[in-house]
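First the structure, in the form of structure tokens, and then the observations on it.
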């Protein structure tokens, strides 16, 4: 049953949300100058793990990334994606975390770090699936020769899955998973009683 | 499911067109002469195209998933799902109209506003709505 004496906890959370959102945007703006190059490097390294020769390229281009292959003509088969679109969901995750009571209490940093690592992992995979989908469908005869129809369907599905459901739903899931006691308390349940 | 072509063609695209028409009605209330072609909303001053991910459908589905998964009586779930659907619809129309005027008056801010202000707000709005539903409506009130 909801705890009647904690009725205003949700109100406090809502009042903190706007400021938490501003703080989250500030953090995101501060980290993205280092985050975007790391994202490109990791996505390229991961894609090249199973390639022979390793020719996939993920090149940082402003706030986006150019995806392609180094063994094809320089002016063919390149795609630019927005890295802001890939990693913006860090903002709602941080905002939801910052709006909880005592977000930086002892022991919470490790949970925040774990949530950040999982979300970053999905950012890397999002870039990888964009690159693989491009290679499977957007490079003409080379795509036809090197990828099956099943692979094209699979990469298309993975790209969509990471672009939309994962991007929008994962911050919420990580928020609940990282701080379950606080979220259940917000809902009116207090497991410690 | 939304990624499947038949679902996309028969549900997602018509729904997105519906959102475009709702936004057109709102813009015309403000004196714009907006028209809709497919999923594009245009006026003599600016134009936006509403793609998958910008139609509010994902936020609605995440909200409804949360409502369905929560252990509450089914009548309360039904009321929550319908009310949440309508609230997120309204919020999304405000988002489209706001982005339209951002494009008209401060186009250099359109990208930032589109990607990380409004997309973040949509996620947070869905979560806040779900918390509110759980706390205030989903469960019976405690006896005093």
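Screening A:142, A:109 for residues that are modelled with pLDDT under 90, more than 30 Å from residue A:27 (Cα to Cα) and part of a helix (DSSP H, G or I) leaves exactly one candidate, A:142.
Reported count of residues in region B:70-83, each being in a helix (DSSP H, G or I) and within 14 Å of another protein chain (Cβ to nearest Cβ), is 2. State which residue is surrounded by the most Cβ atoms within 10 Å (Cβ to Cβ) when the search covers only region A:145-155 and only residues that are more than 14 Å from every other protein chain (Cβ to nearest Cβ) and in a helix (DSSP H, G or I). Taking the candidates together, the pick is A:151. Quick check: anything in region A:48-62 in a helix (DSSP H, G or I) and surrounded by 15 or more Cβ atoms within 10 Å (Cβ to Cβ)? Checking region A:48-62: at least one residue is in a helix (DSSP H, G or I) and surrounded by 15 or more Cβ atoms within 10 Å (Cβ to Cβ).
Against the criterion of being out of contact with any strand residue (DSSP E or B) (no Cβ under 9 Å at 6 or more places or on another chain), over 26 Å from residue A:66 (Cβ atoms), within 14 Å of chain B (Cβ to nearest Cβ) and touching a residue at least 40 places away in the same chain (Cβ under 8 Å), residue A:115 does not qualify. Just so you know, in region A:134-144 the residues that are closer than 27 Å to residue A:166 by Cα and touching a residue at least 24 places away in the same chain (Cβ under 8 Å) include one that is surrounded by the fewest Cβ atoms within 10 Å (Cβ to Cβ), and it is A:138.
Considering A:131, A:158, A:96, the condition of being touching a helix residue (DSSP H, G or I) at 6+ places or on another chain (Cβ under 6 Å), surrounded by 15 or more Cβ atoms within 10 Å (Cβ to Cβ), more than 14 Å from chain B (Cβ to nearest Cβ) and assigned to a helix (DSSP H, G or I) is satisfied by A:131 alone. The residue that is farthest from residue A:107 (Cα to Cα), counting only those in region A:168-190 that are part of a helix (DSSP H, G or I) and facing chain B (nearest Cβ under 9 Å), is A:168.
In the condition set (1) surrounded by 21 or more Cβ atoms within 10 Å (Cβ to Cβ); (2) free of Cβ contacts under 8 Å to residues at least 60 places away in the same chain; (3) within 14 Å of another protein chain (Cβ to nearest Cβ), residue B:12 is compliant with all but (1).
A single member of B:67, B:112, B:117, B:96 is within 14 Å of chain A (Cβ to nearest Cβ), touching a helix residue (DSSP H, G or I) at 6+ places or on another chain (Cβ under 9 Å) and at pLDDT 90 or above, and it is B:67. Considering (1) buried (at least 22 other Cβ atoms within 10 Å of the Cβ); (2) touching a residue at least 40 places away in the same chain (Cβ under 8 Å), the lone condition that residue B:70 does not fulfil carries the number (1).
Looking at the structure I just gave you, is residue A:19 out of contact with any helix residue (DSSP H, G or I) (no Cβ under 7 Å at 6 or more places or on another chain), away from chain B (no Cβ under 14 Å) and under 21 Å from residue A:171 (Cβ atoms)? Judged against the criteria, residue A:19 is not a match. Just to be sure I understand, how many residues within region B:96-113 are touching a residue at least 40 places away in the same chain (Cβ under 8 Å) and under 20 Å from residue A:89 (Cα atoms)? Residues flagged as touching a residue at least 40 places away in the same chain (Cβ under 8 Å) and under 20 Å from residue A:89 (Cα atoms) within region B:96-113 amount to 2.
Annotation: of all residues in region B:120-144 being outside any helix (DSSP H, G or I) and at the interface with chain A (Cβ under 8 Å from one of its Cβ atoms), the one that is farthest from residue B:34 (Cα to Cα) is B:144.
For (1) over 18 Å from the mean Cα position of the chain (by Cα); (2) surrounded by fewer than 19 Cβ atoms within 10 Å (Cβ to Cβ), each residue gets a yes or a no:
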| residue | (1), (2) |
| --- | --- |
| A:14 | yes, yes |
| A:27 | no, yes |
| A:91 | no, no |
| A:105 | yes, yes |
| A:115 | no, no |
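The values are calculated or read from the model by the stated rules, or taken from the named source; none is laboratory data. These numbers come from a predicted model, not from an experiment. Every residue, glycine as well, gets a Cβ built from its backbone with ideal geometry; the counts of neighbours run over all protein chains shown.
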